[in-house]
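The structure under discussion appears below in the form of structure tokens.
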Amino acid sequence: MAGLAERQLNPADSFWTWRELMYRFAGRIDPEAQYDIAAQLYVEMLEAGYTSVCEFHYLHHQPDGRPYADPAAMSRAIIAAARDTGIRLTLLPVLYMSGGFDGRALSERQRRFGHSVDAYLSLLSTLRAEQHESLRVGIALHSLRAVPADALAEVLSAIGDAVMPIHIHIAEQTAEVDDCIAVRGARPVEWLLANAPVDARWTLVHATHLSDSEMRGIAASKAVVALCPTTEANLGDGLFPLREFLALGGRIGIGSDSNVSVSPVEELRWLEYGQRLITRQRNVGSSAAQPSAGQNLFELAIAGGLQSCQQEGAARDHLVLDADAPALAGVTPETLHDRFVFAGNRPLLRSVSVAGRVVVENGRHAQAEAIARRYRGRLQALLTDS
Ligand SMILES: [Zn+2]
């Protein structure tokens, strides 16, 4: 639905009106469509230089909310798409139980997302039994508004000290912060830090709206904050306090999230540009030890991404740049990352290898055409039969 939610429908268009359109679209996706869409996305991600993807996956059931005959059918479509395209996958099935902080039931459009704690833990153990070198399975607690406090405690006690990625959307929207204060008497991150054992296994997605003490708490916990600058801009979320968080030693990764853009270059560029626009300064993402903003942000995002995905092998994946690209003319080791992040709009990648296998050559994924053909047919059908 990238590009389909940019027309004003009412003067108060916001994240919440975007979400209604997203729900209508998601309602039509079955496992075959899920496979075709994921495969197209993974080809685009690999061609852009992402070698791992964390799927915050919450489309589990049939449109009427009943589980498929295989309750993991939608997850398996994603696993197959990752295997067939060659990207590392960290699959994070989402626990989504209620429609708001008041504990209200899921709406009709949300029924495909819902699990009881028991059904969720059973899906998780099924999928975790199938992990391999480039497939990791962890958990995604959708958000504090969608996971009641007792369910959150139950899931965390069930997994105990097990090493697995634990992701949660948090403090993305000011309305969410206000609701959390009204119902739980604390800001979202403040509540989470007080009620969950947040540590290096955790990734807080967005964490846009933070108080100073919340920022210090996240940095001290060693959790990663997953920043998704193009989506956060597209949805009108707000700007993350990057400079203050980095000064505290905070850990960050980047994500494509809604996939309006599939480019680590654009995420890093807009991460820096958002900060420049609000501080009216330049090179906000640099540090005393690393004066290059591009290199500093790139290296922070790689380290945070490795921690967040728990894909240790990804540290040995390779991106090979095109030495003939005009934007790299005269490049030196000192300017390489800044050229990559800030110069021009043409892709600078020549090849990408994942787990020792070359998946992108001369800028193209080997199956790019066949996968795009299936995707176009699938999207045409999804957009016309409503
Ligand atoms: Zn998000």
Problem - Count - residues of region 161-196 that are more than 29 Å from residue 137 (Cβ to Cβ), part of a helix (DSSP H, G or I) and aliphatic (A, V, I, L, M) - result: 5
Fill in the blank from the handout: Residue hits (region 29-41; open to solvent by 20 Å² or more (accessible area, probe 1.4 Å) and assigned to a helix (DSSP H, G or I)) are 31, 32, 34, 35, 37, 40, 41
Practice task
Determine whether residue 69 is more than 16 Å from the ligand (Cβ to nearest atom), of a type in the set (A, V, I, L, M, F, W, C) and in contact with a helix residue (DSSP H, G or I) (Cβ under 6 Å, 6 or more places away or on another chain).
Solution key: no
Practice task
Sort out which residues of region 188-199 are more than 13 Å from residue 149 (Cα to Cα) and open to solvent by 60 Å² or more (accessible area, probe 1.4 Å), and write them in order of number.
Solution key: 190, 197
Exercise for the section: Could you tell me which residue of region 174-207 is nearest to the ligand (Cβ to nearest atom), considering only residues that are free of Cβ contacts under 8 Å to residues at least 12 places away in the same chain and out of contact with any Cys (no Cβ under 8 Å at 6 or more places or on another chain)? Expected result: 178
Exercise for the section: Determine if region 341-359 includes at least one residue that is under 15 Å from residue 86 (Cα atoms), part of a loop (DSSP other than H, G, I, E, B) and more than 22 Å from the chain's Cα centre (by Cα). Expected result: yes
Handout entry: Total residues in region 337-386, condition open to solvent by 40 Å² or more (accessible area, probe 1.4 Å), among the β-branched types (Val, Ile, Thr) and within 30 Å of residue 296 (Cβ to Cβ)
Key = 1
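From the list 286, 308, 261, which residue is buried (at least 20 other Cβ atoms within 10 Å of the Cβ), closer than 27 Å to residue 212 by Cβ and hydroxyl-bearing (Ser, Thr, Tyr)? Spell out how you get there, then give the answer.
Details: 286 fails: buried (at least 20 other Cβ atoms within 10 Å of the Cβ); 261 fails: closer than 27 Å to residue 212 by Cβ.
Testing whether each residue is buried (at least 20 other Cβ atoms within 10 Å of the Cβ), closer than 27 Å to residue 212 by Cβ and hydroxyl-bearing (Ser, Thr, Tyr) leaves just 308.
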Fill in the blank from the handout: Output for Cβ contacts, cut-off 6 Å, separation at least six or different chains, first residue in a helix (DSSP H, G or I) in region 100-127, second of a type in the set (Ser, Thr, Tyr) and open to solvent by 20 Å² or more (accessible area, probe 1.4 Å), reads 113/58
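Out of curiosity, is residue 157 away from the ligand (no atom under 16 Å from the Cβ), free of Cβ contacts under 8 Å to residues at least 12 places away in the same chain, under 23 Å from residue 101 (Cα atoms) and polar (S, T, N, Q)? Spell out the reasoning first.
Numbers: away from the ligand (no atom under 16 Å from the Cβ): yes; free of Cβ contacts under 8 Å to residues at least 12 places away in the same chain: yes; under 23 Å from residue 101 (Cα atoms): yes; polar (S, T, N, Q): yes.
Spelling it out, residue 157 is indeed away from the ligand (no atom under 16 Å from the Cβ), free of Cβ contacts under 8 Å to residues at least 12 places away in the same chain, under 23 Å from residue 101 (Cα atoms) and polar (S, T, N, Q).
Within region 127-172, take every residue that is small (Gly, Ala, Ser) and open to solvent by 10 Å² or more (accessible area, probe 1.4 Å) and give me the one that is farthest from residue 307 (Cα to Cα). Working first, answer last.
Of all residues in region 127-172, those small (Gly, Ala, Ser) come to 129, 134, 138, 140, 143, 146, 149, 151, 153, 157-158, 160, 162, 171.
Checking which are open to solvent by 10 Å² or more (accessible area, probe 1.4 Å) leaves us with 129, 134, 149, 153, 157-158, 160, 162.
Working: 129: 21, 134: 14, 149: 26, 153: 23, 157: 22, 158: 22, 160: 19, 162: 15 Å.
Applying the filter and picking the extreme gives 149.
Can you pull out the helices (runs of 4 or more DSSP H) entirely within region 214-284 that have at least 1 residues that are over 17 Å from residue 49 (Cα atoms) and away from the ligand (no atom under 16 Å from the Cβ)?
Here the list reads 242-247, 264-279.
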Problem - Verdict on residue 44 being under 28 Å from residue 317 (Cα atoms), open to solvent by 40 Å² or more (accessible area, probe 1.4 Å) and modelled with pLDDT of 95 or more - result: yes
Practice task
Return the total of residues in region 251-305 being under 17 Å from residue 343 (Cβ atoms), of a type outside the set (S, T, N, Q) and in contact with a helix residue (DSSP H, G or I) (Cβ under 7 Å, 6 or more places away or on another chain).
Solution key: 15
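The values are calculated or read from the model by the stated rules, or taken from the named source; none is laboratory data. Treat the numbers as computed from the prediction; the structure is a model and nothing was measured. All Cβ positions, glycine included, derive from the backbone under ideal geometry; neighbour counts span all protein chains shown. Calculation scope for accessible area: heavy atoms of the full protein, side chains included, ligands and nucleic acids excluded. Shrake-Rupley method; radii C 1.70, N 1.55, O 1.52, S 1.80 Å.
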